[in-house]
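Before any comments, here is the structure.
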Amino acid sequence: MSVKISIDKKSVNILRKNLNNLSKEKYKEVQKEVLKAAINIDRTAKRNSPVDTGRNRASINFEVKDCLN
């Protein structure tokens, strides 16, 4: 199974601008939801990964960075 995600630069800039306009409380809520989504994606990818030596599964990772500024 292959998943392709495309994000254009214009959309990222709009998202960044909107995140910068959020209050700190709302920003923390968005950050928490993004983390939950990333954990679910990571878990599903690892669950669906074929296991031979386990290297493929071990290579699936994510990182959530603060995108303000």
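The values are calculated or read from the model by the stated rules, or taken from the named source; none is laboratory data. This structure is a prediction, so every number in the text was calculated from the model and none was measured. Using ideal geometry, Cβ is built from the backbone for each residue, glycine included, and neighbour counts are taken over all protein chains shown. Each accessible area value is taken on the protein alone, full model and side chains, heavy atoms only, with ligands, DNA and RNA left out. Shrake-Rupley method; radii C 1.70, N 1.55, O 1.52, S 1.80 Å.
Couple of notes before you dig in:
- Qualifying residue in the range 49-56 (condition: without any contact (Cβ under 8 Å) to a residue 60 or more places away in the chain, over 16 Å from the mean Cα position of the chain (by Cα) and assigned to a helix (DSSP H, G or I)): yes
- For residue 13: the one exception among (1) open to solvent by less than 100 Å² (accessible area, probe 1.4 Å); (2) within 15 Å of the chain's Cα centre (by Cα): (2)
- Filter pass, residue 40 being loosely packed, with under 12 Cβ neighbours inside 10 Å and not in a helix (DSSP H, G or I): no
- Considering residues of the range 21-31 that are among the charged types (D, E, K, R) and either outside any helix (DSSP H, G or I) or at pLDDT 90 or above (or both) only, the residue most open to solvent (accessible area, probe 1.4 Å): 25
- Subset of the range 1-20 that is among the hydrophobic types (A, V, I, L, M, F, W, C) and in a helix (DSSP H, G or I) - its residue that is farthest from residue 64 (Cα to Cα): 14
- Any hit, the range 59-66, residues being touching a residue at least 24 places away in the same chain (Cβ under 8 Å), open to solvent by less than 70 Å² (accessible area, probe 1.4 Å) and not in a helix (DSSP H, G or I): yes
- Set 9, 4, 65: member being out of contact with any Ser or Thr (no Cβ under 8 Å at 6 or more places or on another chain), of a type in the set (Lys, Arg) and at pLDDT 85 or above: 9
- Test: residue in the range 3-15 that is of a type in the set (Ser, Thr, Tyr) and closer than 20 Å to residue 62 by Cα: yes
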